[in-house]
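Before any comments, here is the structure.
The values are calculated or read from the model by the stated rules, or taken from the named source; none is laboratory data. Note that the structure is a prediction, hence the values are computed from the model and not measured. Here Cβ is always computed from backbone atoms with ideal geometry, including for glycine, and neighbour counts include all displayed protein chains.
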Amino acid sequence: MVDLIVGAEDVQIEKPNPEGLLLAVEQLGIRKEEVLYVGDSLVDAQTAQNAGISFAGVLTGTTTRGEFEDYPNLYIGDTVAEIVDYVL
């Protein structure tokens, strides 16, 4: 079910630096245009923006819809399931 995990030990600089996200894209052999990064924090939104990758905010963490709206989001959902429905 999981193809790849990139953790703090795999990068020189942690989020919001896009190194880890870009490493995942490279290792999966996909293009940035094919990626939707889903996250529940402003650091996740900043990471996607720094990487030039589309982002969907999920409201399962402490970040509010209003805070996510300050970033270029493709979608903001209440749950991960809602984001999956959006993608499909």
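Observations on the model:
- Restricting the range 31-88 to residues that are in a loop (DSSP other than H, G, I, E, B) and polar (S, T, N, Q), the residue that is surrounded by the fewest Cβ atoms within 10 Å (Cβ to Cβ): Thr62
- Residue match in the range 33-44 (condition: within 15 Å of Gly77 (Cβ to Cβ) and at pLDDT below 95): no
- Scanning the range 34-65 for residues that are closer than 17 Å to Tyr86 by Cα and acidic (Asp, Glu) turns up Glu34, Asp40.
- Each residue in the range 5-30 was checked for being surrounded by 10 or more Cβ atoms within 10 Å (Cβ to Cβ) and part of a loop (DSSP other than H, G, I, E, B), and 9 of them qualify.
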